1. State all residues of the stretch 53-72 that are within 16 Å of ILE3 (Cα to Cα) and either open to solvent by 60 Å² or more (accessible area, probe 1.4 Å) or outside any helix (DSSP H, G or I) (or both); if no residue qualifies, say none.
2. For the stretch 43-52, name all the residues that are closer than 12 Å to PHE17 by Cα and open to solvent by 70 Å² or more (accessible area, probe 1.4 Å).
3. If a residue must be open to solvent by 70 Å² or more (accessible area, probe 1.4 Å) and part of a helix (DSSP H, G or I), how many such residues does the stretch 23-42 contain?
4. Yes or no: the stretch 5-16 includes at least one residue that is exposed (fewer than 13 other Cβ atoms within 10 Å of the Cβ) and among the hydroxyl-bearing types (Ser, Thr, Tyr).
Amino acid sequence: MGITILIATLLFLTTNFLFWKFTHTHFEKEYGKKVFQHWRTKTYYWQGAIFVSTGVTAVIIFLLQGADILTF
């Protein structure tokens, strides 16, 4: 059980980092650098990042479980 939580946490952090790496500059250009620095805009951005990372992590975990690589 402990290894499953570790794998899920690492997958979540990795997908969150990749989401940030690929989308941060796009949203900064779209909203403008000054507006993107406001807490409300950043809150919406990070809320979306967490939702996407959670969904991708869940899909990967269930694919690993379906392939009998990960059991829980």
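The values are calculated or read from the model by the stated rules, or taken from the named source; none is laboratory data. For clarity, every value in this text was computed on a predicted model and none was experimentally measured. Counting neighbours? That spans all protein chains shown, and the Cβs are built from the backbone with ideal geometry, glycine included. Surface areas here come from the heavy atoms of the whole protein model, side chains and all, with no ligands, DNA or RNA. Shrake-Rupley method; radii C 1.70, N 1.55, O 1.52, S 1.80 Å.
1. Within the stretch 53-72, PHE62, GLN65, ASP68, ILE69, LEU70, THR71, PHE72 qualify.
2. TRP46, ILE50
3. Residues flagged as open to solvent by 70 Å² or more (accessible area, probe 1.4 Å) and part of a helix (DSSP H, G or I) within the stretch 23-42 amount to 10.
4. Within the stretch 5-16, one or more residues are exposed (fewer than 13 other Cβ atoms within 10 Å of the Cβ) and among the hydroxyl-bearing types (Ser, Thr, Tyr).
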